[in-house]
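The values are calculated or read from the model by the stated rules, or taken from the named source; none is laboratory data. Since this is a predicted model, take the numbers as computed values, not measurements. Here the Cβ positions follow ideal geometry from the backbone for every residue, glycine too, while neighbour counts run over all protein chains shown. Side chains included, ligands, DNA and RNA excluded: accessible areas come from the protein's heavy atoms. Shrake-Rupley method; radii C 1.70, N 1.55, O 1.52, S 1.80 Å.
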Amino acid sequence: MFTLAIVQSALELGFIYALVAMALFLSFRVLNIADMTTDGAFTLGCAVSAGHPFLGFVLAMLAGACAGYVTAFLQTHLGVPSILAGIITNTGLYTVNLAIMGFSSNVPMLKTETVFTMARALFGEKSPYKLIVAVTVTVVACALLILFLGTRLGLSIRATGDNPDMVRASSINTAFTITVGLCVSNAMTSLSGAVLAQYQKSADINLGTGMVVIGLASLIIGETLF
């Protein structure tokens, strides 16, 4: 019984962090950009989601997209190298996240209604309701990402990562495709942070520390196994 609980908890966290791996797949593999905004965007999602179960997810994704836009703007319009652009945005997000959290390093959500408490009321205390929520969010996000990459814009983003010169020769604005790709990537990262915050009922300023390493490790292991 104890082993089963450990496996279930690992699966729950694994599906939540899988959103970060998919986000880094889009930026690192598809766009061929080393996006260092991940740590700050993850914490941003945690901070924004503290307050409302479903609206928190939407606002977290919008906030993450804004963070991705800043990184893309620095890279495409100001000529800042991609790694440095991500570091600049990530550093600036630390203050932004503190401000959103009321300049407190931790925001408890013990009495706040979350998607997990709603799922517990729907499926029952003894059901694996946390795993059901984590799987549902991740599978839906993965399906939407696959559908998006199959659209004309998605194909343009994939082509930008493979051969930007060819894309420019085809009269496609690479600055736009890079911006959209980074916005979508960081929106997924923030969604992961939002789900984790509601999962553990607290938002902490240091939750995103090392998240880019975890995401890249997951991505490399996944590519090696499959």
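Summary table below
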| quantity | calculated |
| --- | --- |
| Sequence-distant residues sharing a close amide H with Ser202 (under 5 Å, placed H) | Met109 |
| Residues of segment 116-131 with amide N under 20 Å of a point placed 7 Å along Cα→Cβ from Phe54 | 116-124, 129-131 |
| Accessible surface, per residue, of the chain when the full set of protein chains is kept, probe 1.4 Å, Å² | 50 Å² |
| Nearest-20 debye value, the chain charge dipole, Cβ charges on Lys, Arg, Asp, Glu | 300 debye |
| Gaussian network model of the chain, Cα within-10 Å springs - most flexible of Met36, Met166, Met61 | Met166 |
| Cα lying deepest toward the dipole's positive end in segment 1-160, options Val115, Ala34, Ile146, charges on Cβ | Ile146 |
| Gain upon complete extension [Tyr94, Val139; 0.36 nm per residue less C-alpha separation] | 13.2 nm |
| For segment 1-130: relative contact order, % (alpha-carbon pairs under 8 angstrom, 6 or more apart) | 25 percent |
| Spin-label model distance (nm) - Ala169 vs Thr117, 7 Å beyond Cα toward Cβ | 5.9 nm |
| Per-selection Kirkwood Rh - the chain (Cα, Å, 1 d.p.) | 17.8 Å |
| Potential extension, Leu84-Leu131 segment - 0.36 nm per residue separation minus Cα distance | 13.3 nm |
| Debye log10 I(q)/I(0) for segment 84-173, one point scatterer per Cα, at q = 0.14, 0.17, 0.23 Å⁻¹ | -0.91, -0.97, -1.03 |
| Relative contact order [Cα under 8 Å, 6+ residues apart], the chain, whole percent | 43 percent |
| Kyte-Doolittle mean at least 0.0, axial Cα span of 27 Å or more - DSSP H helices of the chain | 2-24, 55-76, 129-149, 174-200 |
| Among 131-141, 63-73, 179-189, 101-111, the order from most to least packed when residues are scored by Cβ within 10 Å on average | 179-189, 63-73, 131-141, 101-111 |
| The chain, helix-only ellipticity at 222 nm - DSSP H runs n ≥ 4, -39,500 (n - 2.57), divided by all residues, nearest 500 | -24500 deg cm²/dmol |
